[in-house]
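Here the structure comes first, spelled out in structure tokens, and everything after it is commentary.
The values are calculated or read from the model by the stated rules, or taken from the named source; none is laboratory data. Predicted model only: the values in this text are computed from it and were never measured. We place every Cβ from the backbone using ideal geometry, glycine too, and count neighbours over all the protein chains shown. With ligands, DNA and RNA removed, areas are computed over all heavy atoms of the protein, side chains included. Shrake-Rupley method; radii C 1.70, N 1.55, O 1.52, S 1.80 Å.
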Amino acid sequence: MIFSAFERMMAGRYLRARRKEGFVSVIAGFSLAGIALGVATLIIVMAVMNGFRADLMDRIFGLNGHLSIYGQYDNLLNFDDVAKVVRDVPGVVSVTPTVEGQVMLTAEGRSQGGLVRGVRADDLKKRPDLANAVISGSLDDLHGQDAIMIGSRLASNFRLSLGDKITLVSPKGKVTAMGTVPRVRSYTVRAIFSIGMSEYDSSYVFLPLEAAQTYFQVPVDAVNHLEVVVERPDRVSEVTAAIAGAPVGQGLRIRDWRQTNSSFFNALQVERNVMFLILTLIIIVAAFNIISGLIMMVKDKGRDIAILRTMGASRGAVMRIFFLAGASVGVIGTVVGLLLGVLFCDNIEAIRQFLQSLLGVELFNEEIYFLATMPAKMDLHEVLNVTLMALGLSFAATLYPAWRAARVDPVEALRNE
């Protein structure tokens, strides 16, 4: 073994200081607590940031797809022929023809802005994130010229249920001698969905494709764009290149999720990196506490070191004793922090609910953070990197004090005593 039983015993005795030397043990305790809190906080924050990003991506892609195909100028003509070719491209999971437009939603004396999407019910069934989000009614009822599906928050805000009417008002209306007259039409609520993102649940509505074409005056053989879902979102550029190289790809405009949401996800990545650097400082401060505590211990134990040396202990043995004393604080603190972080992440939503009920405040407003629950997704490599970093800093912090202990001259130490 690297450390003998004698060295482990001496390191343990030095960590359990006597009452008159208790200040050293207090510093060691604060160092252990600092490392534990630093490791736990870093694991929790990284897991929450990963979960937040993954949940947002899943919900955004659940409605928007991974890339969109537009016509050369305005509408995409002969969309069924284009969609058939795109479906045969390797890596493509589904293709959804979509008609989209901004409207004013009104019902029960209330009104707000919203986004209408015209999609075939069969295509919606192929999007599991949306098909499984239907909480009332059925996608099978989403057909005809007067059917509509709305979000749960919109239904709650407008006090709507199945069978009720909601009116769409489009600013792009008919041009008459008296000016532009907005298009106004009422639809019957046939289904209600809940994605879990406040923005979508409160402002998105779905019409059958034919009804949306009629309302927005889009030709029957045209749509605004095609939404494409791919197998590997991280390799969407390969699918984009394959579609652009297909016979129908000439003149089409293709935008993938990286272009559409680049600023949003870049901001999340920058925030994540900054949080990692800031929280790493907690561990670094705790490592400095280990250094200060060990230096004080070396000065305190000068006489003991001299006696050990005169009894035959080598400089290496003395160095290993103090290295083990400091490293024990780092190892125990890291293990405690790792357990705290993992347990907190596994029960983060229950802890949030408990704190909210205890403090009487809302800690995670879904209207601000877009999600109904607090997500946490631990990455094994990140947890391993945080653990190794904490251990490495702890071990590095013990080297200089241990080297100083090994360099103590026993003659000088005994003479000063």
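When the surface is traced with a 1.4 Å probe over the full set of protein chains, residue 377 keeps roughly 110 Å² accessible.
If the chain linking residue 310 and residue 102 were pulled fully straight, counting 0.36 nm for each residue of separation and taking away their Cα-Cα distance, it would gain 66.2 nm.
Put a dot 7 Å past the Cα of residue 217, heading toward its Cβ, do the same for residue 356, and the two dots end up 4.6 nm apart. Estimated from the Cβ-Cβ distance and a Förster radius of 51 angstrom, the FRET efficiency linking residue 5 and residue 265 is about 0.40.
Counting protein heavy atoms only, the chain has 59 percent of its accessible area on carbon and sulfur, 1.4 angstrom probe. Here the extension length gained between residue 172 and residue 275 equals 32.5 nm, from 0.36 nm per residue of separation less the Cα-Cα distance. Structure remark: mean-square fluctuation, Gaussian network model of the chain, C-alpha springs under 10 Å; the largest value among 63, 399, 226 belongs to 399.
To the nearest 10, the accessible area of residue 199 is 90 Å² with a 1.4 Å probe. As a calculated quantity, the FRET efficiency between residue 346 and residue 181 at R0 = 45 Å, using C-beta atoms, amounts to about 0.20. Between 46, 378, 296, the residue with the greatest mean-square fluctuation in the GNM of the chain (Cα pairs under 10 Å linked by springs) is 296.
Would you check the accessible area of residue 8, probe 1.4 Å, heavy atoms only, in square angstrom rounded to 10? Spelled out: residue 8, probe radius 1.4 Å, area about 100 Å². Need one word for region 70-150: rounded, prolate or oblate. Basis is the Cα gyration tensor (sqrt eigenvalues a ≥ b ≥ c); a/c below 1.5 gives rounded, then a/b vs b/c decides. It is oblate, given that a/c is not under 1.5 and a/b is not larger than b/c.
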